[in-house]
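Data first, discussion second: the structure below is written as structure tokens.
The values are calculated or read from the model by the stated rules, or taken from the named source; none is laboratory data. This is a predicted model, so every value here is computed, not measured. Quick reminder, even Gly has a Cβ in these numbers, built from the backbone with ideal geometry, and neighbours come from all protein chains shown. Surface areas here come from the heavy atoms of the whole protein model, side chains and all, with no ligands, DNA or RNA. Shrake-Rupley method; radii C 1.70, N 1.55, O 1.52, S 1.80 Å.
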Amino acid sequence: MTSPVRPADAGQDPLEEISRNYRPISTHLAITPPVSVVIPAMNEAENLPYVFKTLPDWIHEVVLVDGNSTDDTVAVARELWPDVKVVRQLGKGKGDALITGFAACTGDIIVMVDADGSADGQEIVSYVSALVSGADFAKGSRFANGGGTDDMTPIRKLGNHVLCSVVNAKFGARYTDLCYGYNAFWRHCLDEIELDCTGFEVETLMNIRVVKAGLKVQEIPSHEYLRIHGASNLRAVRDGIRVLKVILTERSGRGRRGARRAAARGLPYRKGQGEVS
């Protein structure tokens, strides 16, 4: 809840009073909700300088989820952002890493950013603006007007288009992009979508469940750049099949029922497990 702005005392600079209650983001935007940025990373030491260079200095915290890196990923992150919160992932997969990172966040708004240098951190202001303006979930789109991608092969574009069309038809969504990992949302949304997958299909699961939960979604035009160093773990056919399985499972209604059964048995479900340092 925002703090009320009291009338300034005589002789007091009104801007000084406002600055005590609001965190400035740009010349025309200021918010009070703290923003957490979650970055899942495994052996991304060479890319992190590019990632951290674009992050705004007004964000509340950076949560780096380290997937058992064998390079200097953690050391580089701490050098670049001394207050970074490092969470060591105990499981495997991007979905597991994100769930782990989400559980470690203390901000009211959570932003997902890949560690390969493909995302521009300066776009975060657009996501945050959408959320503070009334959206529950700000979904990045490479195919919305103003978006773009340098990193998708023709087969991946086709697959993404087909899967996106299926989700729109089956769940009543109006997405222009489906399999994209640059998203932001209010932390309370996690109670509505109950994440329970481990791989790259996590973005699709989130996109489907926010629609099923009746949350307000706003697409944000985003530009995806080429990975700077290293090779992606994404495999178009393998991960496309996993995405399709998620769609079919969610359409049948088994996804949420399975989630509730897991919770009833006392199994770890929505809260990720990891070691924070």
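Listed values, structure above:
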{"quantity": "Breaking point among (1) surrounded by fewer than 19 Cβ atoms within 10 Å (Cβ to Cβ); (2) within 21 Å of Ala213 (Cβ to Cβ), for Ile110", "calculated": "(1)"}
{"quantity": "Conditions (1) in contact with a helix residue (DSSP H, G or I) (Cβ under 7 Å, 6 or more places away or on another chain); (2) touching a residue at least 60 places away in the same chain (Cβ under 8 Å); (3) over 20 Å from Val202 (Cα atoms); (4) crowded, with 17+ Cβ neighbours inside 10 Å; number of the one not met by Glu123", "calculated": "(1)"}
{"quantity": "Criterion violated by Ser129 - all others in (1) touching a Ser or Thr at 6+ places or on another chain (Cβ under 7 Å); (2) touching a residue at least 60 places away in the same chain (Cβ under 8 Å); (3) open to solvent by 10 Å² or more (accessible area, probe 1.4 Å) satisfied", "calculated": "(1)"}
{"quantity": "Pair list, Cβ under 7 Å, 6 or more apart: segment 149-164 residue under 18 Å from Arg227 (Cβ atoms) and in contact (Cβ under 8 Å) with a residue 40 or more places away in the chain, other residue of a type in the set (A, V, I, L, M, F, W, C) and open to solvent by 70 Å² or more (accessible area, probe 1.4 Å)", "calculated": "Asp150/Leu226; Asp151/Leu226"}
{"quantity": "Selection status of Thr54, surrounded by fewer than 20 Cβ atoms within 10 Å (Cβ to Cβ), at pLDDT 95 or above and hydroxyl-bearing (Ser, Thr, Tyr)", "calculated": "yes"}
{"quantity": "Enumeration of residues in segment 98-117 that are under 18 Å from Ser69 (Cβ atoms) and either in contact with a helix residue (DSSP H, G or I) (Cβ under 9 Å, 6 or more places away or on another chain) or at pLDDT below 95 (or both)", "calculated": "Leu98, Val113, Asp114, Ala115, Asp116, Gly117"}
